[in-house]
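Data first, discussion second: the structure below is written as structure tokens.
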Amino acid sequence: MKAQKKTNVLRLLDQAHIAYEAFEYNISDGKTDAVSVAQKLQVPVNTVYKTLVTMSDGPSYFVFIIPAASTLNLKAAAHAAGVKSLEMLPQAKLLPLTGYVHGGCSPIGMKKPFPTFLDTSAQNLPSFFVSAGKVGINVRLSPKDLSDYIGASFAPVSNPV
């Protein structure tokens, strides 16, 4: 179902004149993982992507956008980021660092810009879904438009499950 509520992500996309469609989904069952979101939106699972935040020594933070049914390949992700190793950001640090909660983390509009990598599987998709910055709302847009807007690089960083 089309979203009626404007999130900060949607306002930022409007300001940047980037074409998108927003969709709401039911969260009453508590299932907010990306695969469940694809089922709720009734779209192919390979078109829904999740946003993951990692950290390295330093500390430095990196964002990865990967397919819903994949896992992040930490070794490939570290290579793409140019660091020795990466680990997932603890969930308790997500909101203070990004401004987003688990299940509603969007690569658009984080508190600070972090180096961001979009899995190469998205390169040939005409459009895909990412979180609109709130649990229960996703946005469909062009992967190229997203990468251009947030300065993301494409890299092979996921492992299919």
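The values are calculated or read from the model by the stated rules, or taken from the named source; none is laboratory data. This is a predicted model, so every value here is computed, not measured. Here Cβ is always computed from backbone atoms with ideal geometry, including for glycine, and neighbour counts include all displayed protein chains. All accessible areas refer to the heavy atoms of the entire protein, side chains included, with ligands and DNA or RNA removed. Shrake-Rupley method; radii C 1.70, N 1.55, O 1.52, S 1.80 Å.
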Checklist outcome for this item: Checked pairs for the range 12-38, first under 10 Å from Gly136 (Cβ atoms), second outside any loop (DSSP other than H, G, I, E, B) and open to solvent by 20 Å² or more (accessible area, probe 1.4 Å), C-beta under 7 Å and 6 or more apart or across chains, list as Phe23/Lys2; Phe23/Leu41; Phe23/Arg140; Tyr25/Lys40; Tyr25/Leu41; Asn26/Lys40
Checklist outcome for this item: Taking first residues from the range 71-99 that are more than 24 Å from Val9 (Cα to Cα) and buried (at least 19 other Cβ atoms within 10 Å of the Cβ) and second residues anywhere that are of a type in the set (Lys, Arg) and modelled with pLDDT of 95 or more, the pairs with Cβ under 9 Å that are 6 or more apart or on different chains are Leu86/Lys75
Checklist entry - Can you pull out the residues in the range 130-161 that are assigned to a loop (DSSP other than H, G, I, E, B), under 14 Å from Val63 (Cα atoms) and open to solvent by less than 40 Å² (accessible area, probe 1.4 Å)? => result Ala152, Val157
Item to check | Output for the range 4-50, where each listed residue is closer than 20 Å to Met110 by Cβ and open to solvent by 20 Å² or more (accessible area, probe 1.4 Å) | outcome: Lys5, Lys6, Asn8, Arg11, Leu12, Asp14, Gln15, Ala16, Ile18, Tyr20, Thr32, Lys50
